[in-house]
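Enquirer: I'd like to ask you about the structure that follows.
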């Protein structure tokens, strides 16, 4: 057993919060808080978690269930449980070849992996690493020509679904990153100009792996015509210049030959517009509380979106999922599956592939236990009758 495997195999690592603490001990402050933090006052970041606490269960007792069927399918992807790893940028900062090892762990667990445009690994390498379903998430950094070339590569590599993120009209104000100098970790002058350099030097294990891995200097999946891969240091400015609009969905439907989902939907109106523009599904998401602060928690927005689209599309959600009970509540409220970001990123930062594997083991065991305690034999049987939603969540038309 490797040192990383021993780190997360400890009997003290029993939930995602334990993986978070383990990652906190291993990572420099700037890296950990890049994952852990949110925008501005982090109101939405906190509300994403609090919303799950407000929903209560209505179990069916006096039932014996020897086993429960946790399988489901989403847009042609067969999943061992209703979960995919969400697109998380810069994961190569957390562990060498971060996207590759996370995708491999997802495939081994029978769940899907969504690769971010802001990846430090070639999409072909990520595709080759996993046996599970793989989707590609798109930002328009680099422009339309660069995006079209990337989508062609992704389809050839076996990515089956395109996730288009629409909630990045500009870069969110992430105050922790500014204080900690996180941007210097992806700059061209690493490590000479890192603010607060001691935070890196006191984490020699992380530093050795990061430097040996080559650091993170470019986006290998964003090839700027006539120039080459985009530098990561350009990402923030590029995102602000590359807002996805409804008109972009029209040429994207022509460029991508498979299903498209729209990620970053919080209202029924945007959900309906997404479907009208040809999306096969939507992801109810507030970007993990990292973009516009003080918007609704994703779980709270979920019923409105489900009501708005009816049977016209698949609805997924992300934001605040830390336990199997959170997955169950989202499914009961109409999500086909959830995407988890921080939950697996903590595992990746704690122990690489072993940490992601442990995170997925925890969530699966939680989810199976909750199904049995609910008296629900399968994901297919889950519905709103198993949960109680606060009256204050109800909106006109929902």
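The values are calculated or read from the model by the stated rules, or taken from the named source; none is laboratory data. A quick note: this is a predicted structure, and the numbers were derived from the prediction, not measured. Ideal geometry is used to build each Cβ from the backbone, glycine not excepted, and the neighbour counts take in all protein chains shown.
Here is a yes/no grid of residues against (1) surrounded by 18 or more Cβ atoms within 10 Å (Cβ to Cβ); (2) more than 22 Å from the chain's Cα centre (by Cα); (3) at pLDDT below 90:
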site: 202; (1), (2), (3): no, yes, yes
site: 206; (1), (2), (3): yes, yes, no
site: 209; (1), (2), (3): no, yes, no
site: 216; (1), (2), (3): yes, no, yes
site: 220; (1), (2), (3): no, no, no
site: 226; (1), (2), (3): no, yes, yes
site: 239; (1), (2), (3): yes, no, yes
site: 242; (1), (2), (3): yes, no, yes
site: 247; (1), (2), (3): no, yes, no
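Enquirer: All but one of (1) crowded, with 24+ Cβ neighbours inside 10 Å; (2) closer than 30 Å to residue 257 by Cα hold for residue 297; state the number of the condition that does not hold.
Expert: (2)
Enquirer: Look through segment 1-21, keep the residues that are part of a helix (DSSP H, G or I) and touching a helix residue (DSSP H, G or I) at 6+ places or on another chain (Cβ under 8 Å), and return whichever of them is surrounded by the most Cβ atoms within 10 Å (Cβ to Cβ). Even if it seems obvious, please write down each step before you answer.
Expert: Going through segment 1-21, the residues part of a helix (DSSP H, G or I) turn out to be 3-9, 16-21.
Filter once more, keeping what is touching a helix residue (DSSP H, G or I) at 6+ places or on another chain (Cβ under 8 Å): 4-5, 7-9, 16, 19-20.
On the way: 4: 18, 5: 15, 7: 21, 8: 24, 9: 13, 16: 23, 19: 29, 20: 20.
This residue is 19.
Enquirer: Can you tell me which residue is surrounded by the most Cβ atoms within 10 Å (Cβ to Cβ) among those in segment 282-294 that are in contact (Cβ under 8 Å) with a residue 60 or more places away in the chain and either assigned to a loop (DSSP other than H, G, I, E, B) or at negative phi (or both)?
Expert: Across segment 282-294, the extreme among qualifying residues is 283.
Enquirer: Only one of (1) at pLDDT 95 or above; (2) assigned to a loop (DSSP other than H, G, I, E, B); (3) surrounded by fewer than 22 Cβ atoms within 10 Å (Cβ to Cβ) is not met by residue 159, so which one is it?
Expert: Single failed check for residue 159: (3).
Enquirer: Looking only at segment 328-377, count how many residues are assigned to a helix (DSSP H, G or I) and closer than 27 Å to residue 25 by Cα.
Expert: Counting residues in segment 328-377 that are assigned to a helix (DSSP H, G or I) and closer than 27 Å to residue 25 by Cα gives 25.
Enquirer: Restricting to segment 306-324, name every residue that is assigned to a loop (DSSP other than H, G, I, E, B) and either on the phi > 0 side of the Ramachandran plot or surrounded by fewer than 20 Cβ atoms within 10 Å (Cβ to Cβ) (or both). Please lay out each step first, then the result.
Expert: Kept after step one, since they are assigned to a loop (DSSP other than H, G, I, E, B), are these residues of segment 306-324: 310-313, 319-323.
Within segment 306-324, 310, 311, 312, 319, 320 meet the criteria.
Enquirer: To continue, here is another question. Just a yes or no: is a residue in segment 117-129 under 18 Å from residue 338 (Cα atoms), touching a residue at least 40 places away in the same chain (Cβ under 8 Å) and outside any loop (DSSP other than H, G, I, E, B)?
Expert: Checked segment 117-129: no residue is under 18 Å from residue 338 (Cα atoms), touching a residue at least 40 places away in the same chain (Cβ under 8 Å) and outside any loop (DSSP other than H, G, I, E, B).
Enquirer: Among the listed residues 111, 43, 55, identify the single one that is at pLDDT 95 or above and surrounded by fewer than 17 Cβ atoms within 10 Å (Cβ to Cβ). So that I can check it myself, show each step before the final result.
Expert: Working: 111 fails: surrounded by fewer than 17 Cβ atoms within 10 Å (Cβ to Cβ); 55 fails: surrounded by fewer than 17 Cβ atoms within 10 Å (Cβ to Cβ).
Just one listed residue meets the conditions, 43.
Enquirer: Sticking with this one: Can you find even one residue in segment 52-63 that is assigned to a helix (DSSP H, G or I) and in contact (Cβ under 8 Å) with a residue 40 or more places away in the chain? I'd like the intermediate steps shown before the answer.
Expert: Step one: list which residues in segment 52-63 are assigned to a helix (DSSP H, G or I), which gives 52-54.
With the extra rule that they be in contact (Cβ under 8 Å) with a residue 40 or more places away in the chain, the set shrinks to 52, 54.
Within segment 52-63, one or more residues are assigned to a helix (DSSP H, G or I) and in contact (Cβ under 8 Å) with a residue 40 or more places away in the chain.
Enquirer: Quick one: count up the residues across segment 64-76 that are in a strand (DSSP E or B) and touching a residue at least 12 places away in the same chain (Cβ under 8 Å). Reasoning before the result, please.
Expert: Here is the first cut: in segment 64-76, the ones in a strand (DSSP E or B) are 69, 72-74.
Retained after the next criterion (residues that are touching a residue at least 12 places away in the same chain (Cβ under 8 Å)): 69, 72, 74.
Selection size over segment 64-76: 3.
Enquirer: Count, please, the residues in segment 77-93 that happen to be at pLDDT below 95 and either at positive phi or assigned to a loop (DSSP other than H, G, I, E, B) (or both).
Expert: 2
Condition check ((1) surrounded by 24 or more Cβ atoms within 10 Å (Cβ to Cβ); (2) without any contact (Cβ under 8 Å) to a residue 12 or more places away in the chain) across all residues:
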position	(1), (2)
328	yes, no
343	yes, no
347	yes, no
350	yes, no
357	no, no
372	no, no
383	no, no
386	no, no
392	no, yes
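Enquirer: Another question, then. For segment 22-34, give me each residue that is under 22 Å from residue 291 (Cβ atoms) and surrounded by fewer than 23 Cβ atoms within 10 Å (Cβ to Cβ).
Expert: 30, 33
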